[in-house]
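Accompanying notes for the structure given below.
The values are calculated or read from the model by the stated rules, or taken from the named source; none is laboratory data. Remember, predicted model here, so these are calculated numbers, not experimental data. Backbone-built Cβ (ideal geometry, glycine too); neighbour counts: all protein chains shown.
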């Protein structure tokens, strides 16, 4: 993977493995990707807290990883997951973070 | 939208509106997003060429935009599209850029 384009990070698109719904976009550094692959639970790098972040560690809403796919440039990944806990991925209590339409 | 977190850019996840397949991840600046909404064709900001990039302008494989969704932090978008031309989104001639699995 190429982590050089965004100061050590790559975008990680989290997609529901069953429905195909895009649930959230996070960022991973090299270690977050390694942990995601090793543990089969999605781990991100929090840009605001500048630390690794096991998604759902406190809420229980962990993301069990089925597959990780990379693109042609190796500078982003799609993480196909099964939602655990109450199934809410967004901290606002919705299944997906992408709930609002952007209009002109 | 919040363009401050990545030096004026946000990740834009391109998703096939019919199948739900994630086709590519690009980046948009404020102008690329405005053009995407105004023209209903996906326009990105090329980080390597440092210029706006109307996807498919030369190949004809444009991405007709059905909907743009933003997330809870307003720092990324999902662009739901219909593929035009030969339907190949990746420059390598595949429908999606995400073709390879990452393993431990």
For this session: Being in contact with a strand residue (DSSP E or B) (Cβ under 7 Å, 6 or more places away or on another chain) and either crowded, with 24+ Cβ neighbours inside 10 Å or on the phi > 0 side of the Ramachandran plot (or both) is the filter here, so list the residues in the stretch B:12-21 that pass it.
Result: B:12, B:13, B:14, B:15
Seminar exercise, completed: Note on the stretch A:85-104: residues over 24 Å from residue A:10 (Cα atoms), more than 8 Å from every other protein chain (Cβ to nearest Cβ) and either assigned to a strand (DSSP E or B) or touching a residue at least 24 places away in the same chain (Cβ under 8 Å) (or both) are A:85, A:86, A:87
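Residues checked against (1) modelled with pLDDT of 95 or more; (2) within 27 Å of residue B:95 (Cβ to Cβ); (3) more than 10 Å from chain B (Cβ to nearest Cβ):
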site	(1), (2), (3)
A:10	yes, yes, no
A:24	yes, yes, no
A:28	yes, yes, yes
A:37	yes, yes, no
A:46	yes, no, yes
A:55	yes, no, yes
A:77	yes, yes, no
For this session: Answer with yes or no whether residue B:52 is part of a strand (DSSP E or B) and surrounded by fewer than 20 Cβ atoms within 10 Å (Cβ to Cβ).
Result: yes
Seminar exercise, completed: Matching residues in the stretch B:57-71 (outside any loop (DSSP other than H, G, I, E, B), within 13 Å of chain A (Cβ to nearest Cβ) and without any contact (Cβ under 8 Å) to a residue 60 or more places away in the chain) number 5
